[in-house]
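One structure below.
A short reminder: the numbers here are calculations on the coordinates, not readings from a lab. What you are looking at is a predicted structure, and each value in this text was computed from that prediction instead of being measured. When we count neighbours, we look across all protein chains shown, and the Cβ atoms used for this are built from the backbone with ideal geometry, even at glycine.
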Amino acid sequence: MLKRITQELRRHSPFTALGALTGIIIMVIIVFGNIPTQISQTAFYTLHPIHVVLSALVTTAMYMKYRKAKIWAVILIGWTGSIGIATMSDALIPYLGGTLLHIEMDFHVPFIETSKIPVIGIEKWIVVNGAALFGIAIGYWKQTTKIPHSGHVLLSTWASLFYFTSFGTANWLPLLPFVFLFLFLAVWIPCCLSDIVYPLLFIKEQPQLPFLNRKQ
């Protein structure tokens with residue numbers, strides 16, 4: 001198990017780095033374009049729920065593919081695997097990264113927040129938890145893990161980036177190398193944990209399968 005996880009992390013590191021680079025490019029555009037914080041917040045609360053859907057879908061499908069469990073167990077694993085990992089990737093790691101860089105950061109946990117999402121005016125916890133349940137339903141109905149990994153990586157990278165620009169105040173340009181590092185870490189490890197490691201922890205006999213069975 002550990003060997004295969006290491007192999008997958010190594011195999012996906014180049015594209016994750018490319019995704020982090022796209023995040024840096026977007027940040028440069030935001031800085032030089034003087035993009036308002038409200039736009040970054042709208043982008044974050046759009047990308048984060050979509051990330052939750054994909055994470056819940058793959059986590060649930062992976063679990064269901066190798067164990068036909070009761071519906072309550074499927075929902076529990078799909079929900080904790082998607083909400084927990086997506087929160088870590090999109091919010092917790094960027095917040096910790098900003099704190100380590102001595103950036104003034106606000107801490108947000110979208111799946112328990114009662115304030116309303118910009119534009120649509122629906123409470124955040126309803127949208128995020130609803131996204132998790134939607135992804136679980138798809139993964140339960142159709143056990144496929146062949147979603148575009150590139151799309152998953154980019155969604156997670158951009159959500160993490162917009163957390164920085166939504167809830168952090170700093171002179172970003174000198175910090176870009178460090179932001180790149182935290183964007184990379186925020187996607188690289190959590191994505192593998194959510195999609196593969198977490199659901200397989202609840203399967204007694206570990207299947208022999210190619211990790212992250214997705215179309216690149």
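Explain nothing, just the number: relative contact order of the stretch 51-200, from Cα pairs under 8 Å at least 6 residues apart, as a whole percent.
Values: 205 pairs, mean separation 62.6, N = 150.
Contact order relative to length: 42 percent.
Kindly count the pairs of lysines across the stretch 51-200 whose alpha carbons are less than 29 Å apart, treating pairs on different chains or eight or more residues apart as eligible.
Qualifying lysine pairs in the stretch 51-200: 10.
Would you please give the FRET efficiency between residue 171 and residue 116, computed as 1/(1 + (r/R0)^6) with r the Cβ-Cβ distance and R0 = 25 Å, to the nearest 0.05? Provide the component values of the computation, followed by the final result.
Working: r = 31 Å, r/R0 = 1.23.
Plugging the Cβ-Cβ distance into 1/(1 + (r/R0)^6) gives 0.25.
Within 10 Å of each candidate Cβ there may be at most 13 other Cβ atoms; applying that plus a DSSP loop requirement, which chymotrypsin sites (Phe, Trp or Tyr not before Pro) in the stretch 37-125 survive? Walk me through the numbers before you get to the answer.
Values: sites: 44, 45, 63, 66, 72, 79, 95, 107, 111, 125; in loops: 107.
The qualifying sites are 107.
Can you give the convex hull volume per residue for the Cα atoms of the stretch 51-200, as a whole number of Å³? Could you put the intermediate results ahead of the total?
Working: hull volume 16.0 nm³, N = 150.
Spread over its residues, the Cα hull of the stretch 51-200 gives 107 Å³ apiece.
Subtracting the Cα-Cα distance from 0.36 nm times the residue separation, let me have the gained length for residue 123 to residue 73 in nm, one decimal.
Values: separation 50, 0.36 × 50 = 18.00 nm, distance 2.64 nm.
Length gained, residue 123 through residue 73: 15.4 nm.
Please give the length that would be gained between residue 99 and residue 37 if that part of the chain were fully extended, namely 0.36 nm times their separation in residues minus their C-alpha to C-alpha distance (nm, one decimal).
Contour length minus Cα-Cα distance gives 20.4 nm.
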